[in-house]
Amino acid sequence: MKYVLVTGGVVSGLGKGVTASSIGVVLEACGLRVTSIKIDPYLNTDAGTMSPFEHGEVFVLDDGGEVDLDLGNYERFLDVTLTKDNNITTGKIYQSVLDKERKGDYLGKTVQVVPHITDAIKDWIESVSLIPVDGKEGQADVCVIELGGTVGDIESMPFIEALRQLSFSVGKKFCLIHVSLIPVLGVVGEQKTKPTQHSVRELRALGLTPHFLACRSAQPLLEATKAKLSQFCHVPAANILNIHDVPNIWHVPLLLRNQNAHHSILKQLNLTSVATAPDLDSWTKMAETFDNLTDHVKIAMVGKYIGLTDSYLSVVKALLHACIACSLKPQIEWIAASDLEDESEKSTPEAHAAAWKILKSAECVLVPGGFGDRGVSGMVLAAKYARENKVPYLGICLGMQIAVIEFARSVLGLERANSTEFDAQTPDPVVIFMPEGSRTHMGSTMRLGSRRTHLESRDSLTSKLYGDVCYVDERHRHRYEVNPEVSQVLEEAGLRLVGKDDTGKRIEVIELHDHPFYVGVQFHPEFKSRPTRPSPLFLGFILAARTLLQTHLSS
């Protein structure tokens, strides 16, 4: 196994995940099989209990792993299916070591960071890198490892030491790429290399010497800047890669290819003889197609976490994939659900008026997942507006539950219909806590991962969008569900319950028959959307916004 390690310096948020994913794309384009590992130095066992405001979305894998959003980038870019073990955290490592200590596996020795923690990290990397993730048999050729955080963070020190040991043991099978920032001070106007020099010095002091620098900058690097970096960081000028700002992230693999990064990386890993010239024609077409689109579709995203758009990263990417397939550019209008509420009209009238103006001007409405009662009333109002005005509506997870609550209140006349998550004393609980859920533990206690949804009606819109199928396998993440006891009354009132789980009781998909597109799903279709294979539901949603859905279904 060959390893490519991607580290970061100076500041966080430089795009290490996109850089690591793009390196994988270029290596795949050279005919190599690629897998990936993300290391997160935080003590949490996984990302499941972390706030979207702080950490962005929680990405869910087929096996139910709740992981860092960068694994979503890997899956979308590399078109692979990763496992929860592809995300290593400090919590996982320490837990595994302490479990062994309790069982007596260390034979009475004093358990220490070195060698026990570092050995556990190395063993984890070496074993997980052998797991095939591309649907083929046998191990991959290259494992791209991304170390989260920035060099110098105290929590990442055990990982740095383990990776230093790994690089020493595998020799020429190891390539280190350090992502760093090249800022330009407004007053001076000069590309400054000193932050990168300090970052590389810190990395070298810890025993790791970068083979490549991936320099993030607003504008392309000047030759003088490259020469200075080469001189002071001891990296050949040919190995200084510039990842400057681009119109969309699909250009990043092309930037690397154009700088012959693949050739230098293959040479470092001694893979030149088995690799081919990179074939990125389809990737180039995709990036250029998006750049040249001029027609926009206006999408109202009514959510809770709009302060950080990474909270809905996979939804945004799924919308992008669907829009590209329709030759449209997504114009996402973010609406804080709480701004739509009646209370907002009194407390913040300007925000309330602006939110409703955006909603009423949108061509379609999407309510994504979330937890907690903040903004729920606004989401209900958005669903009501979309239902009554025949505006295409897609509700995902919480968004489906919102649609059911709204329908129960407006159509069934159950004014206090609600979810027990938001009102434990509601007389009409149309959404309830799942029987198998835990009320005492938060981590990994939801219904997670890939589950089968049976589409009971082959003439349903959902079935047709997926290709006239009788079931779909999609990823879930929820602890509340539509109350099975209200199924009959909902259907009698006109809400179609077209998808259910293996038991035939848990409601997975709802539709309205006399509506251009009103679909709610308990699962998260965004997690399996790919640039070249958009999610069928997102595609139908965008087509409906432009009244092209029926043409698509009949073609």
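The values are calculated or read from the model by the stated rules, or taken from the named source; none is laboratory data. Everything numeric in this text was worked out from a predicted model, so none of it was measured. Note that each Cβ is placed from the backbone with ideal geometry, even for glycine, and that neighbours are counted across all protein chains shown. We work out accessible area using only protein heavy atoms, side chains counted, and drop any ligands, DNA or RNA first. Shrake-Rupley method; radii C 1.70, N 1.55, O 1.52, S 1.80 Å.
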statement: Of (1) under 30 Å from Ala362 (Cα atoms); (2) open to solvent by 10 Å² or more (accessible area, probe 1.4 Å); (3) of a type outside the set (Phe, Trp, Tyr), Asp281 satisfies every one except (1)
message: Considering only residues that are of a type in the set (Gly, Ala, Ser) and either open to solvent by 10 Å² or more (accessible area, probe 1.4 Å) or in contact (Cβ under 8 Å) with a residue 60 or more places away in the chain (or both), which ones fall in segment 490-544?
response: Ala493, Gly494, Gly504, Gly520, Ser529, Ser535, Gly540, Ala544
- request: Considering only segment 68-134, give the helices (runs of 4 or more DSSP H) lying wholly within it that have at least 3 residues that are open to solvent by 70 Å² or more (accessible area, probe 1.4 Å) and free of Cβ contacts under 8 Å to residues at least 24 places away in the same chain.
  value: 90-103
- request: Looking only at segment 442-484, count how many residues are among the acidic types (Asp, Glu), in contact (Cβ under 8 Å) with a residue 40 or more places away in the chain and assigned to a strand (DSSP E or B).
  value: 2
Within segment 336-420, helices (runs of 4 or more DSSP H) holding 3 or more residues that are open to solvent by less than 10 Å² (accessible area, probe 1.4 Å): 376-388, 398-410
task: Count, please, the residues in segment 147-167 that happen to be surrounded by fewer than 18 Cβ atoms within 10 Å (Cβ to Cβ), of a type in the set (A, V, I, L, M, F, W, C) and not in a helix (DSSP H, G or I).
output: 0
query: Of the residues Val170, Val144, Val200, which is within 19 Å of Leu27 (Cβ to Cβ), β-branched (Val, Ile, Thr) and in a helix (DSSP H, G or I)?
result: Val170
field: segment 362-376, residues that are at pLDDT below 95 and out of contact with any Cys (no Cβ under 9 Å at 6 or more places or on another chain)
entry: Phe371, Gly372, Asp373, Arg374, Gly375, Val376
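For (1) under 25 Å from Leu241 (Cβ atoms); (2) touching a helix residue (DSSP H, G or I) at 6+ places or on another chain (Cβ under 6 Å), each residue gets a yes or a no:
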site: Ile131; (1), (2): no, no
site: Glu137; (1), (2): no, no
site: Val151; (1), (2): yes, yes
site: Ser169; (1), (2): no, no
site: Phe174; (1), (2): yes, yes
site: Val179; (1), (2): yes, yes
site: Pro183; (1), (2): yes, no
- prompt: Which one is nearest to Arg546 (Cα to Cα) among residues in segment 277-307 that are among the basic types (Lys, Arg) and not in a strand (DSSP E or B)?
  reply: Lys285
Residue tally, condition open to solvent by 70 Å² or more (accessible area, probe 1.4 Å) and among the aliphatic types (A, V, I, L, M), over segment 545-555: 1
- request: Check Ser327 against each of (1) open to solvent by less than 50 Å² (accessible area, probe 1.4 Å); (2) part of a loop (DSSP other than H, G, I, E, B) and name the one condition it does not meet.
  value: (1)
task: Within segment 135-146, track down each residue that is open to solvent by less than 20 Å² (accessible area, probe 1.4 Å) and without any contact (Cβ under 8 Å) to a residue 60 or more places away in the chain.
output: none
message: Looking only at residues that are modelled with pLDDT under 90 and either in contact with a Leu (Cβ under 9 Å, 6 or more places away or on another chain) or of a type in the set (Phe, Trp, Tyr) (or both) in segment 36-56, which one is nearest to Ser450 (Cα to Cα)?
response: Gly48
query: Which pairs do you get when a residue that is surrounded by fewer than 20 Cβ atoms within 10 Å (Cβ to Cβ), found in segment 31-55, comes within reach of a residue that is aromatic (Phe, Trp, Tyr) and at pLDDT 95 or above, reach meaning Cβ atoms under 7 angstrom, with the pair 6+ apart or on two chains?
result: none
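Within segment 48-69, work out how many residues are under 19 Å from Gly307 (Cα atoms) and of a type outside the set (S, T, N, Q).
11
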